[in-house]
Structures are given as C-alpha cells and as structure tokens.
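Take a look at the structure below.
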Amino acid sequence: MNGRDGKQQRDPQLRAKAEARLTAKLTQRAAATQRPVEELLHELQVHQIELEMQNETLRQSQIALEESRDRYIDFYDFAPVGYLTLSDKGQIAEINLTGAEMLGMDRARLLKRRFSLSVMAGDRDRWQQHFTSALGKNAKLNSEVMLSRPDRSRIDVRLDSLRLIKEGKAPVLRLVLTDVTERKQVQGALDASVQFSNSLVGFMQDGLSVVDTDGVHLDVNPALCRMTGFSREELIGSGLPHPYWPPEEHEAIQAAFRNVRAGHTNALELTFMRKGGERFPVIVSPSVVKDVQGRVVGYMATMKDITERRKAEDALKASQQRFRDIVNTTDGIVWEADAKTFTFTFVSQQAERLLGYPARDWLQPGFWADHLHPDDKTWAPGYCEACTRKIMPHDFEYRFIARDGRTVWLHDMVTVVVEDGEPRWLRGIMVDVTRGKEAEQQLREMAASLEANVQERTTQLRRLSAQLTMTEERERRMLAEDLHDNLGQLLAVIKIKLTTLAAGSLTSSVDEVVALVDQAERSARSITMELSPPILHRLGLMPALEWLGDEIERVYGIAVRIHGDLCDRPLGQEIQAVLYRSVRELLINVAKHAGVNDASVSCLCSESQLVLVVDDDGCGFDPADHHGAMSGQRSFGLSSIYERMVNLGGAMEVDSSPGNGTTITLTVPCLTAQ
C-alpha cells in the first residue's frame, strides 16, 4: 500500500519470512552443488512437472474466474430487477439490460441521460426529493414512482437507493428498480374488491356484527341498525350484554356465545329486542375471525330476522291444524295402500258407511280399480301410478260405484311415503264431494239458462230500441208535416193579407212585418228540413243525400261528393231517416273538426246489406281519446249513431288516426231494412 509520503511501508513479519526463505534457498543451493548431476536433473524434471501442474491449475482457475465473471455479468444484465448507477447530477452511468428494458430504450442511449426524464411529470417532485435525500444520507432509501417509456407505455417501479462514495471521487447512487406494476394492479383490484365487499355488506338485508373476543362490538352494518332500531354509534363499543338482548334472554344468549367461543359455530335461533322493546326471532350464523398466524381475534355473525317466516310457519301450522280438524270431523275415508301393488292395507270405518263396502272388501287386490266408474278407469289408476313414481303428493277427483249402485264423487288426497329412496306407501283420505259436484252442475245449468235469458232480454231491448227509434222518426215526420201544412200555410196567408193592405203611413210597418213573416217562414222550413226533409220521403235516400251535400256546402262551405246509385232494395221511411240524419251529423262533424274543404259520401247496396261511407282527408283523431267527447257533448254524436245502427241490426266502424283523415262506415242489413 502506498503511504502519503510515497515510500514503501515495511512489515517486520513479512521481512522475517523473506529472509528465512532466502536462507533456505542458499542452503539448498549449497547442498545441491554436492549432489550428483543425475539427481539434480531428476529434481529439475520433477520441479518442471510441478510447475506445469501449477500452470494448469492457474489456467483452470482463470477459466473458472472468467466463467464466474460471465455469470456475474449474466446475473447483472438479466437480473429480474434493474440496476443503475447514477452520478451526483442524476445521470445514468451504468445500467443493466433489465433496467434498460424497463426504461424502454437501448442501453447505449441511456448512458449519461438524466434518469428524471423517464419519470412521469406528476412524480418528478417525489423523485427529486428521493434523489436529494439519498445523496445526502448514508442509508438505504426507497420510494415508488411511475415511469414513462418512449412508446407511451407506463410502469410502476419501486426505487431502492444507496449512496456510494469512493475516495477522491464524487458520490454516486446505486439504484435498484423493481417493477411493481402488477402489484399495483393487484392492489387496485384488491381495493376495488374491498370496496365491493364493503358495499355488499352495506346493502346486505341481513344484519352483520363483528365483535372482539370479549364480545365488544367492533363493527355493524346498516341492516343490523335497521333491524334493531339502534344507531351505529350506540352499538359500536358496546359490550355484553348487547343492547338488543332482551333481559329475559341474557342467560340463553350468553350460553350461546360461550359455545361459539368453544368452537361451536352452528346456526342457532334466538330472540332479540328492538329499541322500542319489541321482541323478534332471528337466525344467528356465527363464525370465527383469525389473524394471519391463525389466532382468534374476534367473531362475526349474520343475523336474519325471521319474523315473517315465523308468521308463515305459524299460519302453516294453523292451516295444518285446521286441516286435521276438518279431516277428523269430515265423513272421509282414511286409507293406506301399498305403493307398488295399490292394494289397500287399511281403510277407516267410514268406507262402509259412505259406500256400503265393508273394510275387508277393500283389502282385496284390485278392489279400488275394479269399482271405479267406467269413464274413470281409463285415467285414474294411471294418474295415481305416475304421481307415485315421481314421489309427488297428489289429489284428484273421480267417480266410484257404491254397493247400492249409486255413483259417488270422491276427492282423493294422496301422500307418497318414501323408504330407502323408493315409494313404499300411499296414504290419503277420500272425501264425498257428490253434493258439491251436483251443485256445480246445477250452477252450470243455471248459468247457461241465465245467459240465454240475458241474450233474449238483450234482443228484446234492442228490438224495443229500434221500435222507439222508428217511432221517433215517425213523430219527427208528423211534426214536420204539421209545420209545413199548418204553420207554413198560415204564414203564407198572413204574408198575402199584409201585402194587400192599403198603401199609406202603414207601408213601412207592413214591410217590417212581412220581413219578419218571411224570416219565420224560412225558420219553419229549416226546422221542417231538419226534422224530416220532404225530399227524403218523396224521392228516397240518394236524392236526399245529394240535396244534403248541397245544403252542407251552402251552410258550411265544404264540397261534398256523393257516390253511388239508387238502391233498389226497399227501405222503410224510418230507417232512411236514421241513415240520413246519421250522415248529416257526420258531415257536420267534418265541417267543424276535420279542417278540410271537401268530403265524400259513398253508398253501396248489395243483396244482403246497405253500406254508407263518409270519408275525409282531414286532421283525424284517436277514437279512443275522442269517442266520449264526440258522443257526450252532441245530441246525435258517434255513440248515438252507433247505438241506432246496432238497434237496426247494423254496425258502425271508425277508421281514423291523427293526421290521416277519418273514414266512418255505416252498415245496415237489408233483411232488417225491409
């Protein structure tokens, strides 16, 4: 070793060994001069071989050293972590292949490159703080940052740093990079799983309680708070006895908790208490909580409120009791039979009273099937056999021939008893339901009779309604004729008389009276046309419709096209009046609501029916929404038209939708029209 003054420092012990070795060599040389040449030659050859062997050993050691160096280089370059040496400026001085792969660049390009350039912008402050601290301390430091690679991919790494100082040189930083991306992903998934578990616990319908080994509450879920009425703050930290334990149940629940501590974690049924004092049954399912060393650190239990289930069970028990009471007090035949042969092994005494056969007859093979009604023999045994094979309880009704020849309806309720996984016994009760069946038959007959009466009464009402309609039309015609023949003629005579008065000072007054008489005459004529237009009775339906079209155009300003020929089928005056008034009302509706300037009326006459179609291309309407308004606010609306068509044995169809116009079809059978 070189000292500060540059002179060699001498080791006294080493000098002593060197002098001793020199003395030995000199002694050997002196002795060698006295030995024969052959002996010296032999000695030299042996020494040469020793040197060759030493040389081979040195060569093997060099090979081993080179192999060890190669292994070191392999271990260094291909280690599962990245090794870096950073200068005090943060530049990469050395890096292994794994580190270069982590940074996503060729190793040659990374040398003398600042490591901070590979750190994500959001983590550079953390990296700078870590780098500064590591260079300033002679201690191992660690941190985690995210690296960004040229291909824009990112990885999370753990940094383990240690400062290294060489004499006379600036300090460097040894850096180990460990890829923790997968661990981060797993941690993220774990956090999500924990969050999901917490959410799941929060949304559980059953209560959840976590206590320590002394029974002190560590955590509860919202369901337990809702179940008991106690808040989370009231339950956390509370010990034994818990607030929701009824005083009278303390001993029983304490015993159950001791059993859980002893390792018995079977579900058990207990009674808890709500905050208001109400008791309710629960099913408690406890489990043991252990730490990583397997030591018990607490207990967890789910608590299910079974109040509704208990009510259902109680209701079921009450129902079963009622059923047993009914069976015990009903004239039913209790029986048992072999499930394989269907041979009865027992029947109650009611069998003889209801059907006349003594109990011993029922025990004969084939008795039950032999005495079934012929129509039920084809299905009842097969049905019972199929249900038995499926081990399915069943009940069915069939007819049985009594000893006196009567046909008795039986309702048979059957239970299949299983032994060793196979049906072994059939047990049931036969109840006489003959009276019920007879009552059902009577009800069906009464219902059929009632339906026929209703149908007949409906027909009578429709016939009466049609007669009323026709009577109304006759009255309208008579009223119109009276207006025309009496009032109209009277007004005409008044007008003639007034015009013959002498001229003079009364001329203006007479003119006014004449004008009023003209107005009254026009009103009488209009009322006459509305009540019963004479043209309808004189010329028939088609000419009346054509006149109606002209009148609608004159009054409402819409053009009405009339299509069709004269119908050669004879129609009654009253029926023609109903059709005429129906078309008139429909055309008025078009004028007021459709928003169009034209409409059409088509008349189709066949041997079987007369069809009138009123059509427009207006705004249309939804029949479901407007039918009530169209019929309820007008004296002769759609509903009234429909009723009158039905009363005449016909029909009315409405085809309309918003924006698509309206088509209304009136149909009257010609046979009814005659």
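Coordinate-derived values only; no laboratory data. Predicted model only: the values in this text are computed from it and were never measured. Cβ: placed from backbone, ideal geometry, glycine included. Neighbour counts: every protein chain shown.
Remark on C567: its backbone amide H falls under 5 Å from those of M542, a criterion applied only to residues 5 or more positions apart or on other chains, H modelled at 1.01 Å from N. Each of K340, K166 has some number of other Cβ atoms within 10 Å of its Cβ, and from fewest to most they run K166, K340.
For region 583-627, what relative contact order do you get, as a whole percent, if you take Cα pairs closer than 8 Å and at least 6 residues apart?
36 percent
Between Q293 and Q205, the FRET efficiency estimated from the beta carbon spacing at R0 = 45 angstrom works out to 0.85.
What order do you get for D395, D214, D412, D156 when you list them from fewest to most C-beta neighbours inside 10 Å?
Values: D395 13, D214 8, D412 22, D156 19.
Ranked by crowding around the Cβ, least crowded first: D214, D395, D156, D412.
Projecting label points 7 angstrom from Cα along Cα→Cβ for R258 and V555 puts them 10.2 nm apart.
Projected over all directions and averaged, the alpha-carbon convex hull of region 330-432 occupies 5.8 nm².
For a label point 7 angstrom out from the Cα of F78 toward its Cβ, which stretches of region 99-132 have the backbone nitrogen within less than 17 Å? Only 99-102 pass the distance filter.
About its Cα centre, what dipole magnitude does region 204-307 give when the only charges are +1 on Lys and Arg Cβ and -1 on Asp and Glu Cβ, stated in debye to the nearest 20?
The dipole of region 204-307 has a size of about 160 debye.
Among the chymotrypsin sites (Phe, Trp or Tyr not before Pro) within region 81-164, not one is in coil by DSSP while having at most 14 neighbouring Cβ atoms inside 10 Å. Extension gain, E438 to Q364: 0.36 nm times the residue separation minus the Cα-Cα distance gives 23.6 nm. Each other residue within a Cβ distance under 11 Å of G229 adds +1 if Lys or Arg and -1 if Asp or Glu, for a net charge of +1. As a calculated quantity, the FRET efficiency between R109 and S231 at R0 = 60 Å, using C-beta atoms, amounts to about 0.40.
Applying 0.36 nm per residue to the separation of Y383 and M413 and subtracting their alpha-carbon distance, the gain on full extension is 9.5 nm. With a simple spin-label model that places each label point 7 Å from the Cα along the Cα-to-Cβ direction, the separation between A189 and E269 comes to 4.3 nm. Note on D598 and H373: their simple-model spin labels are 7.1 nm apart, each label 7 Å out from Cα toward Cβ.
For A121 and I306 in one chain, what is 0.36 nm times their gap in residues minus the Cα-Cα distance, to one decimal in nm?
Once the chain is fully extended between A121 and I306, it gains 60.8 nm.
Neighbour counts of C-beta atoms inside 10 Å place C567, C384, C619 in the sequence C619, C567, C384, starting with the fewest.
What the Cβ-Cβ distance of K166 and E66 gives, at R0 = 30 Å and to the nearest 0.05, is a FRET efficiency of 0.70.
Which of the residue pairs K275/K317; K184/K304; K140/K290; K137/K166; K390/K437; K377/K437 have a Cα-Cα distance greater than 26 Å in the structure shown? Pairs exceeding 26 Å: K275/K317; K184/K304; K140/K290; K390/K437.
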